[in-house]
Amino acid sequence: MTPFNRKHILSTKDLEVSEVEEILASAKSFKEVLSRDIKKVPPLRGKTVINLFFEDSTRTKTSFEIAGKTLSADVINISKGGSSVSKGETLLDTARTLEAMGPNILVVRSKQSGLPLRLSQALHCSVINAGDGFHEHPTQALLDLYTILEQRPTVAGLRVAIVGDIAHSRVARSNIYLLKKMGAELVLVGPGSLLPKEVEDFGVTATSDLLEGIRSADVIMVLRIQRERLGLPFFPSNQEYSHFFGIDREKLKLCKKDVLILHPGPVNRGIEISPDVADGSHSLILDQVANGVALRMALLYLLAK
Ligand code: CP
């Protein structure tokens, strides 16, 4: 295996399979660290991580903070509100200003697709994409893969149905690139207005027939409607969406007995997933959240070493 020498994590599209395997192996060892009574370990002592979140987040921001602190890094959190972006400073100038203070890693979330790539070209420190617009959310896809692999020996040959607002979902895009690379068979499921135009480019299948998409799936990845990215409504009502595309107990009965249910969160209960399915025995939603810390520890460690 070639040593991990990547400077940035910007997308899953450009990751090699061997790099993915090294990230997952590292996350597994950090998951063991997180199971100890005393979790703090020293690899990032003397290093600084800045979490620069220009868009709201609970899971990603908090797990990067816990990951950095558990690795003994100094972690600084900056949000759009309260920063000089509100006074008209550009995002690039803000990032350059922060870099002048000497961080080792900048973790960036933004509404603008492509901002992490632009920062990686303009700055000297490492950049991690924590979600950029419609584009990618690579750390979410990596933790989703890790979570599936805790339940199954491989994703090669598994049928994964991604259900919901695929067109506006960076999580879907990163998972499509990553899971296909690792050998999974993907089917995208949603109303025609929320399926991406590039289905053929992705090399996956797509359907608006929910049961056709999920009946033989090994994994169902449920997505939230990305209301903050929609202009006009893409479907008549939440009730209608829920009726045709929401995953509930009755639809789950038609699926494989051991199907795994994932959702990146935040969950809109009663719309894309019913509360009993979100909290039920098939659901790995909280495992995904827990694994996010170990996976992000792995990424910080591999970039900083
Ligand atoms: N899955 C995800 O990115 O959640 P947050 O927006 O809470 O970070």
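What to note about this one:
- Binned Cα-Cα distances of the stretch 138-285, short to long, each 10 Å bin given as a whole percent: 12, 47, 36, 5, 0
- Sites residue 124 and residue 69, calculated FRET efficiency, Cβ-Cβ separation with R0 25 Å, nearest 0.05: 0.60
- Convex hull projection area averaged over all views, the stretch 133-193, Cα basis, nm²: 4.0 nm²
- Residue 100-residue 205 pseudo-label distance in nm [points 7 Å out on the Cα-to-Cβ vector]: 5.6 nm
- Distance between the pseudo-spin-label points of residue 84 and residue 248 (7 Å out from Cα toward the beta carbon): 5.3 nm.
- Each part reduced to its alpha carbon centroid, the stretch 5-73 and the stretch 110-131 end up 16 Å apart.
- Summarising the strand pairing of the chain, around 5 percent of its internal DSSP beta bridges are antiparallel.
- Label zone at residue 40, where the point sits 7 Å out along the Cα-to-Cβ direction: the stretch 70-88 residues whose backbone N lies under 14 Å: 70-75
- Distance in nm between pseudo-label sites at residue 156 and residue 13 (7 Å out along the Cβ direction from Cα): 2.6 nm
- Rounded to the nearest 10 degrees, the angle from helix 285-304 to the longest Cα principal axis of the chain is 30 degrees.
- Cα shape, the stretch 24-178, gyration tensor, a/c 1.5 rule: oblate
- A helix-only calculation puts the chain at -11500 deg cm²/dmol for mean residue ellipticity at 222 nm, using -39500 (n - 2.57) for each DSSP H run of at least four residues, averaged over all residues.
- Taking 236, 138, 264 in turn, the Gaussian network model of the chain (Cα-Cα springs below 10 Å) assigns the largest fluctuation to 236.
- Entries in 13/111; 69/257; 39/111 that, when Cα-Cα distance is taken, lie over 28 Å: 69/257; 39/111
- Among the GluC sites (Glu not before Pro) in the stretch 1-53, those located in a DSSP loop and surrounded by at most 16 other Cβ atoms within 10 Å of their own Cβ are 16.
- Once the chain from residue 93 to residue 256 is taken as fully extended at 0.36 nm per residue, the excess over their C-alpha distance is 53.6 nm.
- Once the Cα gyration tensor of the chain is diagonalised, semi-axes √(5λ) in Å: 32, 22, 17
- Largest first and in whole Å, the equivalent-ellipsoid semi-axes of the stretch 245-285 read 15, 12, 8, each the square root of five times a Cα gyration tensor eigenvalue.
- Comparing 241, 177, 146 in a Gaussian network model of the chain (Cα springs below 10 Å), the most mobile by mean-square fluctuation is 241.
No lab work stands behind these numbers, since they all come straight from the coordinates. What you see is a predicted model, and the numbers here were worked out from it, not measured in a lab. With ideal geometry, Cβ positions are generated from the backbone for all residues, glycine too; neighbour counts draw on all protein chains shown.
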